[in-house]
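First the structure, in the form of structure tokens, and then the observations on it.
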Amino acid sequence: MNFAEEIIEWYQRNKRDLPWRKTEDPYIIWLSEIIMQQTRVEQGTPYFNRFAEKYPTVELFASASEDEILKLWQGLGYYSRGRNMHQTAQLVMEEHAGYFPKNYDSLIKLKGIGEYTAAAISSFSSNEARAVVDGNVFRLLSRYFGIDTPINTGKGKKLFTDLANELLDKSQAGKFNQAIMEFGSLQCKPKNPDCLSCPLQAACEARKTNRINELPVKIKSLKIRERYFNYIIAQKDGQILINKRGAGDIWENMFDLPLFETEFPSHAHDLIRSEKFISCFGEKVKIRSVSAPVKHILSHQKLHASFIEIESFSDRFLSERSWFYVGQDELEKLAQPKLIFHFFENFHKLNT
DNA sequence: AAGACGGGGGA
DNA sequence: TCCCCAGTCTT
């Protein structure tokens, strides 16, 4: 059996009994598809049932107000879906005479319907030969063929869409699409898939090369976090106070300086009056110098560091901390982040 | 190409 | 916690 035959065979034996699979009405299928976007079946099913019950036709849906739609949508999340549906229902009434479109090219033009949903509705309602590519399909294909192209890039989307369309059984596109998604969802699960019971295991590239947990590859959307580091320069007898960093943050087990992180930029004069600072260095601290803020970019953080040189501090409070004094020769042996290493280069230059 | 958009369940 | 879920729209 080829790929399509295998998954359709599997689908006949293992498919769930989902309410929206009993119809070919594009309106009802649309309802189910929008509700199920980025939503688990168990979470979305009650909503589908309520919507299908209250608005059995697109005409009834279109006659509802946006407030009513959103009220019924309440708790499901991604509320733009509800707003787009309202708009689309009205447009279907006005420009499609109340007949919900069945073909891909018409569907793709509607608000809230992207490539996945247009392929789903067109294939389920009229067997148009368009392969669906959702999260399940990405995962199944990336594993089966051992493809490590990231799925959330333009290149990846095209690659997997082309592949799915090659595999598509055009004589029964709707059933194939249902089957490939159901297979991905139940058999080729994200975590701990049961490969031993999988009918595709013999040919599965990820299985053969032991990469089930590495695929699919997804580029992590890294949001840059802004952090404000206030470093303290405290010297005694020609030595400088150093901090060994702990776990759970950047630069684990490397060495920097005593650090007071603040949520926002802060002035040195305010900082040395803070309770936390006083508990470390006492109340009689004077500021000798404050550096200009130094920006330091990490992969997912933007650090704003300032270096505050202090004098007249007490160090009898320091014993509980991971701080210690070192001379310059010892300092040079410690693993320092680039930011710190850079700072010391300039600092030593100034002090010689 | 990257970010925003929700809420819930599983590991 | 992080990841993922029958994705799409905006910038």
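None of the figures in this text is laboratory data; all of them are computed from the coordinates on show. As the structure is a prediction and not an experimental result, all values here were calculated from the model. For neighbour counting, all protein chains shown are included, and Cβ atoms are generated from backbone atoms with ideal geometry for every residue, glycine included.
What 222 nm value per residue comes from the helices of chain A, counting each DSSP H run with n ≥ 4 as -39,500 (n - 2.57) and dividing by all residues, nearest 500 deg cm²/dmol?
-12000 deg cm²/dmol
For residue A:338 and residue A:311 in the same chain, what is the full-extension length gain: residue separation times 0.36 nm, less their Cα-Cα distance, in nm?
7.2 nm
5 Å is the cut-off here: which amide hydrogens, built 1.01 Å from N in the peptide plane, fall below it relative to residue A:302, excluding neighbours closer than 5 in sequence?
Amide H neighbours of residue A:302, under 5 Å, 5+ apart: A:225, A:226, A:227.
Can you give the FRET efficiency for residue A:50 and residue A:329, using 1/(1 + (r/R0)^6), R0 = 56 Å, r = Cβ-Cβ distance, to the nearest 0.05?
The computed FRET efficiency comes out at 0.15.
Against the longest alpha carbon principal axis of chain A, how many degrees, from 0 to 90 and to the nearest 10, is the axis of helix A:338-350 turned?
20 degrees
Pull out the extension gain between residue A:99 and residue A:210, defined as 0.36 nm times the separation in residues minus the alpha carbon to alpha carbon distance; nm, one decimal.
Result for the pair: 35.0 nm of gain on full extension.
Can you give the % of DSSP beta bridges in chain A that are antiparallel, to the nearest 5?
65 percent
Please give me the summed charge of the neighbours of residue A:144: other residues whose Cβ is under 9 Å from its Cβ, Lys and Arg +1, Asp and Glu -1.
Its environment carries a net charge of +1.
Tell me, in nm to one decimal, what length is gained between residue A:2 and residue A:74 on full extension, where the rule is 0.36 nm per residue of separation less the Cα-Cα distance? Intermediate results must be reported in sequence, preceding the final value.
On the way: separation 72, 0.36 × 72 = 25.92 nm, distance 4.36 nm.
Contour length minus Cα-Cα distance gives 21.6 nm.
Compute the long axis of helix A:3-14 from its Cα atoms, compare it with the longest principal axis of the Cα atoms of chain A, and write down the angle in degrees, 0 to 90, nearest 10.
Helix A:3-14 sits roughly 80 degrees off the main axis of chain A.
Helix A:41-54: angle to the longest alpha-carbon principal axis of chain A, degrees 0 to 90, nearest 10?
On a 0 to 90 degree scale, this one is about 50.
Looking at the stretch A:1-61, which trypsin sites (Lys or Arg not before Pro) are DSSP coil and have at most 16 other C-beta atoms within 10 Å of their C-beta?
A:15, A:16, A:40
Nearest-5 percent of antiparallel DSSP beta bridges in the stretch A:225-350?
Percentage antiparallel, nearest 5: 65.
Using the Karplus equation 6.51 cos²θ - 1.76 cosθ + 1.60 (θ = phi - 60°), what ³J(HN,Hα) coupling, rounded to whole Hz, does each residue of the stretch A:94-109 give in order, writing x for Gly and Pro?
Here the 3J(HN,Hα) series is 7, 10, 10, 6, x, 8, 5, x, 10, 9, 3, 5, 6, 5, 5, 7 Hz.
Determine the sum of side-chain charges near residue A:266: Lys and Arg each +1, Asp and Glu each -1, restricted to other residues whose C-beta is under 12 angstrom from that of residue A:266. Before the final figure, lay out each step's value.
Values: positive: A:273, A:276; negative: A:261, A:263, A:270.
Taking every other residue near residue A:266 into account, the sum is -1.
Can you give me the distance in nm between label points at residue A:203 and residue A:111, each placed 7 Å from the Cα along the Cα-to-Cβ direction?
For residue A:203 paired with residue A:111, the spin-label model returns 4.4 nm.
Can you compute the modelled spin-label distance between residue A:40 and residue A:22, with each label point 7 Å from Cα toward Cβ, in nm?
Output for this residue pair reads 2.5 nm.
Can you tell which of A:125, A:80, A:314 shows the greatest fluctuation in a Gaussian network model of chain A with Cα springs below 10 Å?
Looking only at A:125, A:80, A:314, the biggest GNM fluctuation is shown by A:314.
Net charge within 13 Å of residue A:339 by Cβ-Cβ distance, Lys/Arg positive one each and Asp/Glu negative one each, not counting residue A:339 itself?
Within the 13 Å Cβ shell, the charges total +3.
Starting with the highest mean, order A:167-175, A:145-153 by the number of other Cβ atoms within 10 Å, averaged over the residues of each peptide. Before the final figure, lay out the partial values.
Working: A:167-175: 17.9, A:145-153: 16.2.
Per-residue Cβ counts within 10 Å, averaged per peptide and sorted highest first, yield A:167-175, A:145-153.
For residue A:219 and residue A:186, FRET efficiency with R0 = 22 Å and r from the beta-carbon atoms, rounded to 0.05?
0.25
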